[in-house]
1. With only Lys, Arg, Asp and Glu charged, each at its Cβ (+1 for the first two, -1 for the last two), find how big the charge dipole of the chain is about the Cα centre; round to the nearest 20 debye.
2. Of the accessible area of the chain, with the probe set at 1.4 angstrom, what percent is carbon plus sulfur?
3. Considering Cα pairs under 8 angstrom that are at least six residues apart, work out the relative contact order of the stretch 8-100 and quote it in whole percent.
4. Roll a 1.4 Å probe over the protein chains and send me the accessible area per residue for the stretch 52-130 in Å².
5. Could you work out the helix-only [θ] at 222 nm for the chain, with each DSSP H run of four or more residues adding -39,500 (n - 2.57) and the total divided by the number of residues, to the nearest 500 deg cm²/dmol?
6. Suppose we take every Cα in the chain and form the convex hull; what volume per residue is that in Å³?
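The values are calculated or read from the model by the stated rules, or taken from the named source; none is laboratory data. All values derive from a computational prediction rather than experimental measurement. Here the Cβ positions follow ideal geometry from the backbone for every residue, glycine too, while neighbour counts run over all protein chains shown. To get the accessible areas, we keep the full protein, side chains included, count just its heavy atoms, and leave off ligands, DNA and RNA. Shrake-Rupley method; radii C 1.70, N 1.55, O 1.52, S 1.80 Å.
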Amino acid sequence: MRIPAPIYQAMIAHSQFELPHEACGLLAADASGALRMGYCLTNTDSSPVSYTIDPMEHFRAMQHAERNGWDIVGVFHSHPHGAAVPSAVDRRQALDTDWIYVVVGPAETSKPEVRAYRIRDGAATEEPVSVF
């Protein structure tokens, strides 16, 4: 997965800003699959171990993406104290098999990892991440 540096940096910054809670957001790509936007959104759970994207913000992100000819292609969230690996809850809640799932962690560190996964039937397969 190729992530533009501004989106990569925004995911990390959002993850650190939301400490001690998990941060979350959506990812949009153009028709060629190139990431164009990372939407840093509100975690309505306000929890260090779970996230739920604010429904109104989700809807607005979808509208913005559609206006620009993009599709929502994935989600990102952070693990404040844990590794950048999907948890059992993350794997269970991953309902869209076409989406990319990005995990930032541990967000509490100065240089958290950013890792991407495809999740199908509860199994996570890591996708290589490159930043450009």
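1. Details: 10 positive and 16 negative charges, 46 e Å.
Approximately 220 debye in magnitude.
2. Carbon and sulfur: 54 percent of the exposed surface of the chain.
3. Relative contact order here is 31 percent.
4. 56
5. -7500 deg cm²/dmol
6. On the way: hull volume 12.3 nm³, N = 132.
In the chain, the Cα convex hull volume per residue is 93 Å³.
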